[in-house]
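K.L.:
Mind looking over this structure? Questions follow.
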């Protein structure tokens, strides 16, 4: 590899590396393929906002204000990954995962009454990972692929409530992005 190509690759990855975020901890229960796995999240503490038809940007801004100090302790909370987005029954919701050093009892309470703190414990999800732009068309494509894999493998999953997961800042180049579709596995 020549020096120009090497420097170009370094330049491309610096913005992403500079914004490295804590990622929710999980255990891989079963690897189905390179891109599909069953995960167990022992505990996820979420700040979640659910709205009718409000834009993603408005939901994101509301959650970002919360972690920027618009809470009862005026405390900044570090950004983590992924950001979850769900659509169910004409309701849109977006969730930020709270850093692992918080518990339900210690997390600041949001000033915005539309933001709720939720805890999910010992949940298993089947997940497909993909790179590229985080647009509805790509999520729909991988959601359909994952639904086929779920049916082929006889996995009991909540197919009515797909979850979109975003891991990267918007300026990350598409081929470097990590996106996922998740379905909760029914117990």
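The values are calculated or read from the model by the stated rules, or taken from the named source; none is laboratory data. The shown structure was predicted, so the numbers you read here are calculated from the model rather than taken from an experiment. Quick reminder, even Gly has a Cβ in these numbers, built from the backbone with ideal geometry, and neighbours come from all protein chains shown.
K.L.:
Name the one entry in 96, 125, 102 that is out of contact with any helix residue (DSSP H, G or I) (no Cβ under 6 Å at 6 or more places or on another chain), outside any helix (DSSP H, G or I) and crowded, with 19+ Cβ neighbours inside 10 Å.
P.N.:
Numbers: 96 fails: out of contact with any helix residue (DSSP H, G or I) (no Cβ under 6 Å at 6 or more places or on another chain); 102 fails: crowded, with 19+ Cβ neighbours inside 10 Å.
None of the others qualify; the one that does is 125.
K.L.:
Residues being touching a strand residue (DSSP E or B) at 6+ places or on another chain (Cβ under 9 Å) and not in a strand (DSSP E or B): count how many of those fall in the stretch 105-114.
P.N.:
Filtering the stretch 105-114 down to residues touching a strand residue (DSSP E or B) at 6+ places or on another chain (Cβ under 9 Å) leaves 107-112, 114.
Next, from what is left, pick out any that are not in a strand (DSSP E or B): 107-109, 111-112, 114.
Number of matching residues: 6.
K.L.:
If you scan the stretch 155-171, which residues turn out to be within 15 Å of residue 83 (Cα to Cα), at pLDDT below 95 and touching a helix residue (DSSP H, G or I) at 6+ places or on another chain (Cβ under 7 Å)?
P.N.:
168
K.L.:
Taking the stated definitions as given, is residue 117 without any contact (Cβ under 8 Å) to a residue 60 or more places away in the chain and closer than 21 Å to residue 184 by Cβ? Write out each step before concluding.
P.N.:
On the way: without any contact (Cβ under 8 Å) to a residue 60 or more places away in the chain: no; closer than 21 Å to residue 184 by Cβ: yes.
No.
K.L.:
Shifting gears a bit: If you check 30, 5, which single one turns out to be more than 23 Å from the chain's Cα centre (by Cα) and at pLDDT 50 or above? Before the answer, list the steps.
P.N.:
Working: 30 fails: more than 23 Å from the chain's Cα centre (by Cα).
Residue meeting the stated conditions: 5.
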